[in-house]
1. Looking at A:K164, A:K200, A:K126, which one is within 16 Å of DNA strand C (Cβ to nearest atom) and either in a helix (DSSP H, G or I) or assigned by TED's automatic domain parsing to the domain that holds A:Q32 (or both)?
2. Quick check on my filter: what residues within the range A:203-219 are more than 19 Å from A:T160 (Cβ to Cβ) and surrounded by fewer than 17 Cβ atoms within 10 Å (Cβ to Cβ)?
3. Consider the range B:74-90. How many of its residues are farther than 17 Å from B:A140 by Cβ, more than 13 Å from the chain's Cα centre (by Cα) and surrounded by 23 or more Cβ atoms within 10 Å (Cβ to Cβ)?
4. Checking A:G173 against (1) surrounded by fewer than 18 Cβ atoms within 10 Å (Cβ to Cβ); (2) within 16 Å of DNA strand D (Cβ to nearest atom); (3) assigned to a loop (DSSP other than H, G, I, E, B), which single condition isn't satisfied?
5. Which condition number does A:L36 fail, the rest of (1) under 16 Å from A:N136 (Cβ atoms); (2) away from every other protein chain (no Cβ under 14 Å); (3) not polar (S, T, N, Q) being met?
6. Report, ordered by the first and then the second residue, all pairs with beta carbons closer than 6 Å, sequence separation of six or more or different chains, a first member in the range A:63-88 that is closer than 15 Å to A:S44 by Cβ, and a second member that is modelled with pLDDT under 85 and among the charged types (D, E, K, R).
7. Filter the range A:198-216 for residues that are within 10 Å of DNA strand D (Cβ to nearest atom) and more than 9 Å from chain B (Cβ to nearest Cβ) and give the result.
8. Return only the number of the condition from (1) more than 29 Å from B:A133 (Cβ to Cβ); (2) out of contact with any Phe, Trp or Tyr (no Cβ under 7 Å at 6 or more places or on another chain); (3) surrounded by 17 or more Cβ atoms within 10 Å (Cβ to Cβ) that A:Q32 does not satisfy.
Protein chains: 2
Amino acid sequence: MPSEMNINICASVWLVEDNQHYRQTMVDLINQSQGLDCKYAFDSCEAAIEQMRTAEPPEIILLDIGLKGMNGVEGVKRFKEITPATHVVMLTIHEDSNLVFEALCAGASGYLLKDSSPERVIESVKEVLAGGAPMNAQIARKVVESFRQFNLPKGDYGLTEREKEILGHLVGGLSKKQIAEKLFISFHTVNTHIRNIYEKLQVNTRSGAISKAFKERLV
Amino acid sequence: MPSEMNINICASVWLVEDNQHYRQTMVDLINQSQGLDCKYAFDSCEAAIEQMRTAEPPEIILLDIGLKGMNGVEGVKRFKEITPATHVVMLTIHEDSNLVFEALCAGASGYLLKDSSPERVIESVKEVLAGGAPMNAQIARKVVESFRQFNLPKGDYGLTEREKEILGHLVGGLSKKQIAEKLFISFHTVNTHIRNIYEKLQVNTRSGAISKAFKERLV
DNA sequence: TTAAGAATAGCACGTTTGTGCGATTGAGAT
DNA sequence: ATCTCAATCGCACAAACGTGCTATTCTTAA
């Protein structure tokens, strides 16, 4: 009974950091903070992963991005595979945009500069618990722009609705005959639609049409 | 000569905002700020787009997200089509995550709460000029997570290097014969590789393989 | 040293595709 | 009232594809 009493009051935190001094400082800081409980601290991702085999995963992992052995970016990937619900916050010395950016792509929820004030550290952790993603404006911009790269260039080749529908079925892997059956139209009609699609997309194989459909976000 | 003298000193700003009072306040604020020059202010996206037909596009557009007529999200899309280099910062009253998020996807560089302090307004504009993306942690998290959705699920079907290479050529639209020529191997070998790819991906058509390659980010 | 797997190569045959020619119908625009 | 365009349907045929079997070489792991 006594041990289960505070699981909802305190958010559990794990720390992965190879500098022993900094590690102890952080553990103390976290444990002094109301609502946070640093259950374990490790000097490598491997050790933390090992601990996960037996212990309840934490709500938050603070993870040094520049570890020896398995580095921070790799670490995030592994942690998120094992326990997707756990938030990972990167600890970094300098704001190396690329590294932090990679970590975010790999599943990190935000990052924290190592020389942040104790107040800022605690604030960031609570920000993550509240559904936020602590990061600076430069990183945010990189993320937004990369995101846009995947989202925006929605090409328009003047496909009709019917053509888009049939293109969708091509992507779905159906043969002409199967499409005809599904749409209650003749095989020849499907054939005609497909030639028109090919002409508009400027391709002459199914593969080309499907690739274009994905690349230009037509589907 | 005199008119060209300050083009590199002052960043040009346009404002699109339908509340006349707030518009005037903002124009004054921007023009009082060193390094910023609010060249035009409009009460609709349509008016701003019209102006773009004749005037040099600005470096930054401050754009109300809740306009009548063409709304802010639509506006961003149009602006970025016309002048991709221009940064668009959304102006919003309440932090409606979804709307702001959409605007960011559509090309906005950040957003600004309308009740921000004058200092914060100017700071945000300069943040954008410096390559940042002003936004709060909640929005940042949404962006990161959406981004991850596109980036992460990199499936692994145990394809060998050679198979991945050939899958790439299938996506590229090459026929078996063309792949054989490109790789200096026999048609039959390509045939064998493709059957193995199909088996590993659990498909039995080229379309299926290509779709899977895109969906699972194998390429 | 043996087993497993990756890369290579081959043949046969039915199915599917891409493309050369058409055609008719109906809705909407000029 | 004419015209354009989307959607429908048709035939023929060469080329490409998918899949049933088999087989050799070389590397790497057990």
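1. Just one listed residue meets the conditions, A:K200.
2. A:N204, A:T205, A:K215
3. The total comes to 1.
4. (1)
5. Only one criterion in (1) under 16 Å from A:N136 (Cβ atoms); (2) away from every other protein chain (no Cβ under 14 Å); (3) not polar (S, T, N, Q) is unmet by A:L36, namely (1).
6. Here the result reads A:V73/A:E102, each pair linking the range A:63-88 to a residue that is modelled with pLDDT under 85 and among the charged types (D, E, K, R).
7. Within the range A:198-216, A:K200 is the sole residue that qualifies.
8. (3)
The values are calculated or read from the model by the stated rules, or taken from the named source; none is laboratory data. Everything numeric here is computed off the predicted structure, so don't read it as measured data. FYI the Cβ positions are ideal-geometry reconstructions off the backbone, even for glycines, and counts take in every protein chain you see.
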